[in-house]
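First the structure, in the form of C-alpha cells, and then the observations on it.
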Amino acid sequence: MSDIQKQGEEIQARIRDLAYTLWESAGRQQGMAMEYWLQAEKEVMSTVQRVAAAAMPKPAQRKAAPTAKASPAKPAAKKTTTTRAKTTTKK
C-alpha cells in the first residue's frame, strides 16, 4: 500500500471518528448521518490543508522591478481659431 493510500485511509478514519463524536454530542439524533459526516469532513480537510500549507516552503521574496517614473504633464496645445477678418490664438 502506498503512502498516499495510507494517508487517505487515515483521513477517512479521522472523519469517521469525528462524525461519530459529533453524533454522540448531539444526543445521537437519527437521520442526521450525512450532516455529521459533512461537518466532520469539512473540519478534518481544513486541518489537513492548514498543515500542508505550513509544511510547504515559502516562495522566495522577489524584489519589485523598478517602475518607470511618470513624465510631467505636457502643456495643452494652443487652439487656433480662424475667422474672416483675422486669426486669433487662444491659450
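Would you point out which residue out of G31, G8 is at positive phi and not charged (D, E, K, R)?
Within the list G31, G8, the selection yields G31.
Please find, within the range 1-17, the residue that is surrounded by the most Cβ atoms within 10 Å (Cβ to Cβ) out of those that are at pLDDT 95 or above and over 14 Å from V48 (Cα atoms).
Checking each candidate, the answer is R16.
The values are calculated or read from the model by the stated rules, or taken from the named source; none is laboratory data. Everything numeric in this text was worked out from a predicted model, so none of it was measured. All Cβ positions, even for glycine, are placed from backbone atoms using ideal geometry, and neighbour counts span all protein chains on display.
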